[in-house]
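Visitor: Submitted below is the structure of interest, expressed as C-alpha cells.
The values are calculated or read from the model by the stated rules, or taken from the named source; none is laboratory data. Bear in mind the structure is a predicted one, so any value in this text is a computation, not a measurement. Here Cβ is always computed from backbone atoms with ideal geometry, including for glycine, and neighbour counts include all displayed protein chains. These accessible areas exclude ligands, DNA and RNA; they are computed on the full protein's heavy atoms, side chains included. Shrake-Rupley method; radii C 1.70, N 1.55, O 1.52, S 1.80 Å.
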Amino acid sequence: MEKTNSSLEQIQPPTYGNLVTILSIDGGGIRGIIPATILEFLESQLQELDGEDARLADYFDVISGTSTGGLVTAMLSAPDKNNRPLFAAKDIKPFYMDHCPSIFPQHRGFCGTMLAKVIRTLGGPKYDGKYLHWVVGETLGDIRLHETLTNVVIPTFDIKCLQPIIFSSYKLKMNPCMDAKLSDICISTSAAPTYLPAHNFKNQDSKGNVHEFNLIDGGVCANNPTLVAMNEVTRQIIDDNPDFFPMKPLEYGRFLIISLGTGTAKNEEKFDAKMAAKWGLLDWLTHGGCTPLIDVFTQSSGDMVDFHLSTITQALHSEDNYLRIQDDTLMGTDSSVDIATKENLGRLCQIGEKLLKKPVSRVNLENGHFEPLKNGETNEDALKRLAKILSQERRLREMRSPHTNKMAF
C-alpha cells in the first residue's frame, strides 16, 4: 500500500464507516509500562501506514482506561497547544521511568522492613500521593474532559454514595458537572485503597451547579474497562446518537476492540485455600507485602470481562476483531504494582517487549485457561493486522464524510 500523509483532523464518526473502534487499558500501577510498550508498537505501525504524525487518538472512537490505564488514556487524548495529542505513545514509557520512583518511593532501612510497611498500611495509605498530584497537575494542567481529541471513558468509584462514577465524553451533554479536569479524573481513578489516598474535589458547570466527588480507584468496579466503554457506545445507539446511525444496540460484530492488560501473577505465585483459611483482616490486606484482597477483586473482574467478550465474539464470529493482550506469568516483584526501582521498571519494559513476540492467546471457555491460538499469530502480527484495518477504516470515513478534505487521499 502506498503511504500517504494522514489528515490531522479528528476521526470522523462511525456512521461513515464500518466499525466502532475501542482501545482499553487495564489498571495496574507501575505495570502500566507493559501496555505502554504495546501501544508504542501499535502507533509505530500506524505511522508506517499513514505518516509520522499519526497518533492513536486519530483511529479510536473511544479510549478507555482504569487507574494507570486512565492516566495513559488522558496522555494519549489530551490536546497540546497545536490541538494534537499531548503525548505520542513512545513518550509514555519514559514518563513512567522518570516519575514512578517518586510516586512510589521505596523506603530503606527500618522504614523498609515488613513491620514498618504493615504499620504504615494500618495508619493510612502506603503513599501520600503528593508527587502524583503534582506531576499529573503539571502534565495535564487545566485541560477538561470535553477537550480530549477522541471520546474517553474512565471509571472511578464514589465511596460516599457507594456507586461507580464513569467519566465519559458521551455524558457531558446530559450531565455537564462531569466535565472535570483530566488531572482530577486521573488522580481519582488511580487512588487504589491502601496505596494512595481517596480524592475529593468539586466541579461546577456553566449554570453554577456544583457537584462534589469523593472518589477512589476505578479498579474496584472495572479494572478492565472494556465493557464500560462498550456500554457507553451502546447507550448512544439506544439514544439515537446520529454518530452511530444506522447501527443497532447489540451489533457487537462491528466492534473492533484492543484490550490491554497490565499482567498478573503466575499461578504458582498465587495463594491457596489452606493459607487463606487462616487469614484475618490484616493478612488479607498485607500478606507477604501484597494486598491479596485487592488483587483478587481486580484480577477476577478483569478476567470476567474477557470471558464475556470472548463468548460474544465467538457467538458473532468476530473473534479476529477482538484482541486481548495479557501476561499471566509475572513472578515476584515483577507482579508488584508499586516496587518502582530502576531495575524492576526496566524488567517491565522487557516483559512488554517479550509479550509482543508471544502468540495471541484466548480464554478457553471450557476451563478458563488462557491458551495460544493454533494459527501461530503473535501479538505483534495481530497488531500489524489491526493497524491496517484501523488505517483503512479511517480512510473510508474520510472518503464518505462531507466534513473532510478528501484531496489528502
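Visitor: Residues to consider are N200, N224; find the one that is polar (S, T, N, Q), crowded, with 22+ Cβ neighbours inside 10 Å and either touching an Asp or Glu at 6+ places or on another chain (Cβ under 7 Å) or not in a loop (DSSP other than H, G, I, E, B) (or both).
Guide: N224
Visitor: Related question: Look at the stretch 84-96 and say how many of its residues are buried (at least 18 other Cβ atoms within 10 Å of the Cβ) and either closer than 18 Å to A340 by Cα or not aliphatic (A, V, I, L, M) (or both).
Guide: 6
Visitor: Shifting gears a bit: Residues of the stretch 130-179 being modelled with pLDDT under 95 and more than 19 Å from G218 (Cβ to Cβ), which ones?
Guide: K173, M174, P176
Visitor: Hey, another quick one. So L345 ticks every box in (1) open to solvent by 10 Å² or more (accessible area, probe 1.4 Å); (2) in a helix (DSSP H, G or I) but one. Which box is left unticked?
Guide: (1)
Visitor: Scan the stretch 253-267 residue by residue and report those that are assigned to a strand (DSSP E or B) and modelled with pLDDT under 95.
Guide: A265
Visitor: Also, I was wondering about something else. Which one is nearest to S190 (Cα to Cα), of the residues in the stretch 348-359 that are open to solvent by less than 60 Å² (accessible area, probe 1.4 Å) and in a helix (DSSP H, G or I)?
Guide: L348
Visitor: Let me ask something else about it. Pick from A315, A277: which is out of contact with any helix residue (DSSP H, G or I) (no Cβ under 7 Å at 6 or more places or on another chain), aliphatic (A, V, I, L, M), at pLDDT 90 or above and open to solvent by 80 Å² or more (accessible area, probe 1.4 Å)?
Guide: Of A315, A277, the one residue that is out of contact with any helix residue (DSSP H, G or I) (no Cβ under 7 Å at 6 or more places or on another chain), aliphatic (A, V, I, L, M), at pLDDT 90 or above and open to solvent by 80 Å² or more (accessible area, probe 1.4 Å) is A277.
Visitor: In the list D295, D306, which residue meets the criterion of being touching a residue at least 24 places away in the same chain (Cβ under 8 Å) and either more than 17 Å from L365 (Cα to Cα) or open to solvent by 50 Å² or more (accessible area, probe 1.4 Å) (or both)?
Guide: D295 is the lone residue from the list that is touching a residue at least 24 places away in the same chain (Cβ under 8 Å) and either more than 17 Å from L365 (Cα to Cα) or open to solvent by 50 Å² or more (accessible area, probe 1.4 Å) (or both).
Residue-by-condition table, conditions (1) in contact (Cβ under 8 Å) with a residue 24 or more places away in the chain; (2) open to solvent by less than 10 Å² (accessible area, probe 1.4 Å); (3) in a helix (DSSP H, G or I); (4) not small (G, A, S):
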{"residue": "E43", "(1), (2), (3), (4)": "yes, yes, yes, yes"}
{"residue": "E52", "(1), (2), (3), (4)": "no, no, no, yes"}
{"residue": "S64", "(1), (2), (3), (4)": "yes, yes, no, no"}
{"residue": "G70", "(1), (2), (3), (4)": "yes, yes, yes, no"}
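Visitor: Tally the residues that are within 18 Å of S24 (Cβ to Cβ) and either open to solvent by 20 Å² or more (accessible area, probe 1.4 Å) or assigned to a loop (DSSP other than H, G, I, E, B) (or both), restricting the search to the stretch 230-252.
Guide: Final tally of qualifying residues: 4.
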